[in-house]
1. Go through the residues of segment 391-398 one by one and say whether even a single one is within 18 Å of Lys376 (Cα to Cα) and in contact with a strand residue (DSSP E or B) (Cβ under 7 Å, 6 or more places away or on another chain).
2. Within segment 327-363, which residues are open to solvent by less than 50 Å² (accessible area, probe 1.4 Å) and under 30 Å from Thr251 (Cβ atoms)?
3. Spot the failing condition for Lys444; the list is (1) out of contact with any Lys or Arg (no Cβ under 8 Å at 6 or more places or on another chain); (2) assigned to a loop (DSSP other than H, G, I, E, B); (3) open to solvent by 50 Å² or more (accessible area, probe 1.4 Å), and only one is missed.
4. Would you mind stating whether Pro568 is in contact (Cβ under 8 Å) with a residue 60 or more places away in the chain, in contact with a Ser or Thr (Cβ under 7 Å, 6 or more places away or on another chain) and open to solvent by less than 40 Å² (accessible area, probe 1.4 Å)?
5. Kindly indicate whether Ala247 is open to solvent by 20 Å² or more (accessible area, probe 1.4 Å), over 22 Å from Ala310 (Cβ atoms) and either of a type in the set (Gly, Ala, Ser) or without any contact (Cβ under 8 Å) to a residue 60 or more places away in the chain (or both).
6. Output yes when any residue across segment 427-438 is surrounded by fewer than 20 Cβ atoms within 10 Å (Cβ to Cβ), of a type in the set (S, T, N, Q), touching a Ser or Thr at 6+ places or on another chain (Cβ under 9 Å) and within 30 Å of Gly400 (Cβ to Cβ), and no when none is.
7. Give Asp361, Asp340, Asp298, Asp315 a once-over and let me know the one that is over 30 Å from Thr415 (Cβ atoms) and part of a strand (DSSP E or B).
8. For Leu584, are the conditions met, namely being open to solvent by 20 Å² or more (accessible area, probe 1.4 Å) and within 28 Å of the chain's Cα centre (by Cα)?
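The values are calculated or read from the model by the stated rules, or taken from the named source; none is laboratory data. In this text the structure is predicted, and so the values were computed from the model without any measurement. Neighbour counts are summed over all protein chains in view; Cβ atoms, including those assigned to glycine, are modelled from backbone coordinates with ideal geometry. These accessible areas exclude ligands, DNA and RNA; they are computed on the full protein's heavy atoms, side chains included. Shrake-Rupley method; radii C 1.70, N 1.55, O 1.52, S 1.80 Å.
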Amino acid sequence: MKQLLAFLACTIALSRAHAQTGTITVKVNSEQQAALENVTVELLRPDSSLVKLALTDQAGLASFTAIPWGPYLVKAGMIDHVPSYTIQLHLTAAQSQVQAEIVLHPRSADMQGVTVTAKKPFVQRLADRIVVNVENSIVSAGSTAMDVLERSPGVRIGQSDAISLAGKPGVIILINGKNLPMSGEELGNYLRSLPSAAIERIDIITNPSARYDAAGNAGIIDIRMKKDQKLGANGTLTAGYGQGKYARANTGGTFNYRSKKINVFGNLNYSYTGFYNHMETRRYFFQDRVYQGSYDQDNLITRTFSSSVARIGLDYFVNKKTVLGVLVTGNQSLTGRDSDNESLVLDQANHETSSFLTGADGYEDYHNYVINLNLKHIFDTSGRELTADFDRAGYFRDWGSLFSTGYYDAAGQLTQPLFLARTDQDGITGIHTLKADYTHPMKKAVKLEAGIKASFVRSDNDVLFFDRSTGTEKLDSAQSNSFRYKENINAAYVNLGREWKKFSAQVGLRAEQTNVNTWQVFDNLRFDTSYLELFPSAFFNYRLSPDNTIGVSVSRRIDRPGYNQLNPFKIFVDPSFYASGDPLLKPSFTWSYELSYTRKQLNVALAYSRTVNPVTYVLIPSETQARVTIQTPVNLRSFDYFGVSFNAPVRIAKWWNVINNGNIYYAHNKGYIANTVVNSQTLNAQFSTNHNLSIAEGWSGEVNFTFDSGNNTGVMKDQFYWILGAGVQKTVLSKKGTIRFNVTDILWRQWPRFRSIYRDYHEYLTAKRDTRIANLSFTWRFGKNTITQSRRRTTASEEERRRAG
């Protein structure tokens, strides 16, 4: 703590040091003297070389701070408008604050047919994040959010749909800056029901600043939904069909109306997805390391996902400085599930002695709503502003299953009456969150950011287990339970940043107080805890030359267990296997360090992190039931990570652009699970390459390839896989329509394979899924084409909504 305070004091002292820099502020108006928002403004040297880029805000203002003294030009540009320049501006000791004004004129009628287009690459590496531009990806058309994530740099989907980033567990998944209240298989089902046609981009942030919630040891994945960005009335319509072993389809649209005072926007998407997961598992049982026998299991699960996603919002521009907004989102996802699991029982000599066959039919009805009220106020032209958000969210789950199990001898004869059961699970989670953020630019290119947040979560879950073997349902109280969860988190943060001619720095500190109360009703078991933790962060960048930059960052983060991970309910698959949470899970804490080097578009980063009490899913033998396996989250003792990653765009020809991403890392897990000392060390690699091809006028193509050598999450080891996909695109209807065709996982090699080795239990699993899909989609854009960026914002309930399930 003393070192941190000394570091903060040193940085504040440096912020007062004299620097030969100034600020240029530009106001952009229309011919009618109305402020134009999100105009692209370029700060240029007299030779027209670019210094910085900025976008105008609601007041039409764009500011360039920490600019060295000297002469400059400013250019403003906007689609369907003629670019305009200022006269030459001079920053000097006597005039360190310069203001200018630009008026943009619409193009004349004979110029309206001229269209300038720029396609963003599928993957972009920015200063603080990796951006996956889903909207511009040909191969992603007709896919789901889960499909796109599996093809994204550094992202891996493990057993039970656990998502890791760059080989590290503990990832926050956000939708438009708001956390999803789900984890594990429930999160996977939701992402498989979310069509890629509704997604604009995915932001991957590995080392967030103190402005973000401290949760997420591996970082943040923010899925940004589409929102039209144009003046007047406009929108899009999309429809698509895909065929693998099972069919999938999606349709939807966006609409937008914007005037000087209001912006009304929204979208509605519907998708249907057929999916299967064929798992072949071999489970070996030992006693004091002596082999006792095994299960040879074949489990085929088929699912159908039917999902409707709706979003509507209104922004009201009170004046040039103040915007009020309301945003309402809703989702309903219906899942049908059919499972057949055949298990052969083998003795010590691996001879079949008996078998059991379990069939299960089930459904999941998941729906939610989120209401967000927000305010943004700009105090003056310096960039001083206040944003505030209030969220109210509700999540509702209704799950049900029917089970039947038959036990047979080696000859296939039934040895006892069928075991019949039914489960009924209900869950309600409510979230109320309030946050406020304040930005205050200061003299000499210093910027102060501060904010507060309070969140309140309440979750009620019930599971009822009925035995139907006798023909009459009987409640099995030993298998039934009710779980209540209450949480309150209060947080505050401060960031201080400063820019010099070649050097920039930002230090931050976030404090979070957590209060948790749980209650298992049937067993009357209660758990209460509260703690206060500090989360410092620091970011430094040094520009060696205009094209060479070195960056250093460090931060401390927390990964609180998800609400489902704390839930002790038993989710049955067959008599030999069930999943359950643990209400005694501890939060894990991580220190992350990163050193990066950027030369033009090439980026290389070295990373190290150490996590204490990391949470990971494991498959372990039951301590009370013979030959029963449990899937459950546990705390390991520590996790050390060393990695090097790179992003390397290459232009092979004018018509052929390539983006390469790679990550090589060493993972070291320590702990003690199921009478087994965990001390696993592995070297892993991930690589992806995306090729964009301009074939002919109106035609383009895309090919991408991903390789993953596997990952080690404690005891569970994932095996390697690779994915190859390709697609072609044609613009039609005067470039207002787009037809896309693609095939994903062409070679059908996206097979997750896992192994878990304990002292008295070994498991090997291979899963084959419906991943080779041919997709055909059509998109039509209508309305005015005058672009003006709609207001982007995050809401208050970012961290809570990920964990609420």
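1. Yes, some residue in segment 391-398 is within 18 Å of Lys376 (Cα to Cα) and in contact with a strand residue (DSSP E or B) (Cβ under 7 Å, 6 or more places away or on another chain).
2. Matches in segment 327-363: Leu327, Thr329, Gly330, Asn331, Ser333, Thr335, Gly336, Ser339, Gly362.
3. With (1) out of contact with any Lys or Arg (no Cβ under 8 Å at 6 or more places or on another chain); (2) assigned to a loop (DSSP other than H, G, I, E, B); (3) open to solvent by 50 Å² or more (accessible area, probe 1.4 Å) applied to Lys444, the lone miss is (1).
4. Yes: the conditions hold for Pro568.
5. Values: open to solvent by 20 Å² or more (accessible area, probe 1.4 Å): yes; over 22 Å from Ala310 (Cβ atoms): yes; either of a type in the set (Gly, Ala, Ser) or without any contact (Cβ under 8 Å) to a residue 60 or more places away in the chain (or both): yes.
Yes: the conditions hold for Ala247.
6. no
7. Working: Asp361 fails: over 30 Å from Thr415 (Cβ atoms); Asp340 fails: over 30 Å from Thr415 (Cβ atoms); Asp298 fails: over 30 Å from Thr415 (Cβ atoms).
Just one listed residue meets the conditions, Asp315.
8. yes
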